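To start, the structure itself, in structure tokens.
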Number of protein chains: 2
Amino acid sequence: MVKIIVDAMGGDNAPEEIVIGAVQAVNADNDVKVVLVGKKEEIEKSLSGIEYDASRVEIVDAAQVISNDESPTMAIKTKKDSSLVKAFDSLNEDGAALVSCGATGAVLVGAFMKAGRIKGVSRPALAPMLPTLTGGRVVLCDCGANVDCKPLHLVHFAIMASEYAKVMLGVEDPRVGLLNNGVEAHKGNELVKETYDILKRTEGINFVGNCEARDLLSGDFDVVVADGFNGNIALKSNEGAAEAVVKLILEGVGEGGLRIKLGAALMKPLLKSVKKRMDYNAYGGACFLGVNKVVVKSHGASKRKSVTASVLQAKELASRNICEEIRIGIVAFNQNNAATAQNEE
Amino acid sequence: MVKIIVDAMGGDNAPEEIVIGAVQAVNADNDVKVVLVGKKEEIEKSLSGIEYDASRVEIVDAAQVISNDESPTMAIKTKKDSSLVKAFDSLNEDGAALVSCGATGAVLVGAFMKAGRIKGVSRPALAPMLPTLTGGRVVLCDCGANVDCKPLHLVHFAIMASEYAKVMLGVEDPRVGLLNNGVEAHKGNELVKETYDILKRTEGINFVGNCEARDLLSGDFDVVVADGFNGNIALKSNEGAAEAVVKLILEGVGEGGLRIKLGAALMKPLLKSVKKRMDYNAYGGACFLGVNKVVVKSHGASKRKSVTASVLQAKELASRNICEEIRIGIVAFNQNNAATAQNEE
């Protein structure tokens with residue numbers, strides 16, 4: 001049995017969609033047990049009328065909720081009775097993984113302070129997966145946890161995200177790219193140029209070269225490494241541009257004549273499936289790599305389906321001992337590169 | 001008469017599409033004169049059979065061509081008889097502006113070395129325009145000329161791009177945003193946090209705050225400022241994601257049944273217009289701001305229409321004395337911020 005702690009109050013659609021999504025994961029996988037943390041009465045209300053195995057759904061009462069507007073550090077430190085802090089407490093007790101759709105900053109700070117950094121990891125990092133044009137997915141790491149980075153941090157991201165890709169994408173030797181402003185080896189700012197040189201000589205990382213932002217979704221990479229600032233820009237640009245195209249099409253249909261409207265009606269299933277395929281939130285959450293327990297941050301707008309996907313994802317990662325795999329990979333790198341590791345941490 | 005120097009050999013479709021595009025600009029605007037620089041015989045061949053006012057089309061012979069694979073600095077220094085170097089020579093002689101679809105690096109190095117940096121400008125920067133969802137355009141500056149930046153550089157980009165937006169977008173007081181990983185004032189890496197503080201207190205810049213990458217096309221900004229590395233990531237992510245959506249739709253149509261195919265046929269004009277609207281290359285080129293003459297870099301894949309747009313854009317910028325406006329704006333800022341300017345240049 002794998003015990004997944006769920007922050008039932010985090011996200012725009014909490015608690016109802018979170019609770020239903022979590023219970024659907026229980027129904028889908030006999031090895032999953034969920035602990036729903038939040039306002040007990042509201043959780044019970046959301047549970048009423050759904051069928052599930054009650055022995056695998058537990059509730060932990062928590063009176064407070066952490067919002068997006070709060071300082072993450074202050075919130076984690078002072079709101080001891082919040083759903084998120086209590087969820088981390090349950091995680092530390094006997095949980096295998098934690099899932100939250102709450103404020104990203106608070107989830108990251110909580111993971112860092114409560115679950116703790118894996119010894120040897122210079123910086124934990126946030127790693128969402130994006131759908132590729134070839135029907136697969138690509139792990140983008142980091143995406144916002146670390147806005148100012150050194151080369152060692154990016155190399156650690158590559159090691160952690162490679163372990164993550166092995167589990168999530170089922171590839172043996174993930175192809176790692178470095179987000180850059182050109183494909184040539186000499187391209188980039190100081191940070192990525194130095195990172196390039198280390199990645200190139202590091203055994204155990206299948207470094208295939210620079211990845212231009214326009215090739216992020218090409219399917220040529222299983223992992224793309226970036227500092228948190230650049231990764232965030234790439235992630236959100238992709239989101240914005242895909243939404244822009246869809247919006248322009250819908251506007252055009254709205255303003256269009258009968259032919260256009262008829263065409264749109266006929267094409268509707270396709271347009272919907274394209275929109276869904278571009279929506280990286282549908283594939284589960286972003287994993288916070290480099291802390292001692294599995295922490296999955298699902299999108300704030302998540303509905304039940306995403307929550308179910310995130311809980312099952314968290315279960316898979318915990319079952320496969322992702323944290324231990326990351327620890328082993330990082331320790332091996334640090335031992336072989338003692339000088340680099342010490343210099344830059 | 002405004003004399004526009006055109007690198008006739010630069011770009012994937014040179015010289016024919018370049019030559020025809022340039023001549024069509026001559027035909028469209030009686031105040032435009034073009035100087036076509038490149039292999040004389042090939043240019044004459046491309047000109048044969050087109051009607052135009054021969055008094056406003058000049059040819060300057062140049063035997064060499066600079067390719068994308070060459071070191072930009074070496075190429076500019078050694079290929080004295082290349083179309084690009086000779087174009088810069090013509091520009092310095094009596095040209096008002098230069099247009100090239102050639103290798104970006106070589107165009108930037110050429111502009112820097114041959115036209116020269118405007119006195120007071122810390123770093124010239126590349127500024128393309130992207131189409132917004134509200135039907136307008138947004139200037140993104142820098143997009144790759146400067147991959148490692150200091151706050152002063154970004155502030156100078158804001159001043160230069162504001163002057164550029166006044167001419168190109170016809171707005172009096174361009175709204176300037178700072179590309180960031182969140183909208184809140186405290187967000188960002190060290191570079192953008194410091195830049196934020198300077199932009200906020202600088203008179204003459206209409207700074208409206210941080211711009212998340214997903215809001216780049218929202219229409220809420222006339223100018224978005226970034227270091228060249230991040231600007232490049234944002235630009236190319238947008239390009240990649242928009243292309244991905246279009247590709248997925250086309251694939252779906254190809255694999256779809258009769259209903260989907262009929263729908264697509266009916267919707268074709270709309271899909272084409274959306275694709276065109278998202279294609280920032282259709283709106284002319286990216287201007288290299290901060291050098292003493294107008295230099296417009298049009299996309300390598302430009303066809304005649306883009307070339308015409310770029311020549312007319314270059315003419316407009318030269319007529320409106322954009323370089324002098326930039327100089328005045330930068331001098332005023334540097335005088336009022338002597339400490340900042342000296343510290344960081």
Practice item. Residue by residue through the stretch A:129-173, note down the ones that are assigned to a loop (DSSP other than H, G, I, E, B), at pLDDT 95 or above, farther than 20 Å from B:VAL192 by Cβ and not hydrophobic (A, V, I, L, M, F, W, C). Key: A:GLY170, A:GLU172, A:ASP173
Study note, to complete from the structure: Only one of B:VAL274, B:VAL294 is under 20 Å from B:GLY135 (Cα atoms), within 24 Å of the chain's Cα centre (by Cα) and of a type in the set (Val, Ile, Thr), namely B:VAL274
Check your understanding: Inside the stretch B:174-201, can you point out the residues that are surrounded by fewer than 17 Cβ atoms within 10 Å (Cβ to Cβ), in a loop (DSSP other than H, G, I, E, B) and free of Cβ contacts under 8 Å to residues at least 12 places away in the same chain?
Key -> B:HIS186
Review point. Can you tell me which of B:ILE18, B:ILE4 is in a helix (DSSP H, G or I), β-branched (Val, Ile, Thr), touching a residue at least 60 places away in the same chain (Cβ under 8 Å) and closer than 22 Å to B:ALA318 by Cα?
Key: B:ILE18
**Study point:** Condition met for B:GLU70 (charged (D, E, K, R), assigned by TED's automatic domain parsing to the domain that holds B:VAL311 and at pLDDT 95 or above)
**Key:** no
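Each row is one residue, and each column tells you yes or no for (1) touching an Asp or Glu at 6+ places or on another chain (Cβ under 9 Å); (2) at pLDDT below 95.
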position	(1), (2)
B:ILE59	yes, no
B:GLN64	yes, no
B:ILE76	no, no
B:SER83	yes, no
B:ALA87	yes, no
B:GLY105	yes, yes
Review point. Can you find even one residue in the stretch A:314-334 that is at pLDDT 95 or above, within 16 Å of A:PRO128 (Cα to Cα) and among the charged types (D, E, K, R)?
Key: yes
Review point. Hey, does the stretch B:296-307 have a residue that's modelled with pLDDT of 90 or more, in a helix (DSSP H, G or I) and not basic (Lys, Arg)?
Key: yes
Review point. In this structure, is B:ASP148 in contact (Cβ under 8 Å) with a residue 40 or more places away in the chain, over 23 Å from B:ILE328 (Cβ atoms) and assigned by TED's automatic domain parsing to the domain that holds B:LYS275?
Key: yes
Check your understanding: Of B:LEU154, B:LEU191, B:LEU133, which residue is within 11 Å of another protein chain (Cβ to nearest Cβ), among the aliphatic types (A, V, I, L, M), more than 24 Å from B:CYS101 (Cα to Cα) and in contact with a helix residue (DSSP H, G or I) (Cβ under 6 Å, 6 or more places away or on another chain)?
Key -> B:LEU133
Study note, to complete from the structure: With criteria (1) in contact (Cβ under 8 Å) with a residue 60 or more places away in the chain; (2) assigned to a helix (DSSP H, G or I), B:PHE221 comes up short on (2)
Exercise for review: Could you look through the stretch B:216-248, keep only residues that are surrounded by fewer than 22 Cβ atoms within 10 Å (Cβ to Cβ) and closer than 26 Å to B:GLU172 by Cβ, and pick out the one that is nearest to the other protein chains (Cβ to nearest Cβ)?
Suggested key: B:SER218
**Study point:** Residue match in the stretch A:33-51 (condition: under 21 Å from the mean Cα position of the chain (by Cα), within 26 Å of A:GLU324 (Cβ to Cβ) and in contact (Cβ under 8 Å) with a residue 60 or more places away in the chain)
**Key:** yes
Exercise for review: From B:LYS275, B:LYS315, grab the single residue that is surrounded by fewer than 20 Cβ atoms within 10 Å (Cβ to Cβ) and among the basic types (Lys, Arg).
Suggested key: B:LYS275
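This table checks each residue for (1) touching a strand residue (DSSP E or B) at 6+ places or on another chain (Cβ under 9 Å); (2) basic (Lys, Arg); (3) not assigned by TED's automatic domain parsing to the domain that holds A:VAL2.
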site: A:VAL26; (1), (2), (3): yes, no, no
site: A:ASP29; (1), (2), (3): yes, no, no
site: A:LYS33; (1), (2), (3): yes, yes, no
site: A:VAL37; (1), (2), (3): yes, no, no
site: A:LYS45; (1), (2), (3): no, yes, no
site: A:GLY49; (1), (2), (3): no, no, no
site: A:VAL57; (1), (2), (3): yes, no, no
site: A:VAL60; (1), (2), (3): yes, no, no
site: A:GLN64; (1), (2), (3): yes, no, no
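The values are calculated or read from the model by the stated rules, or taken from the named source; none is laboratory data. Computed from a predicted structure; not experimentally measured. Neighbour counts run over all protein chains shown; Cβ positions are idealised from the backbone, glycine included.
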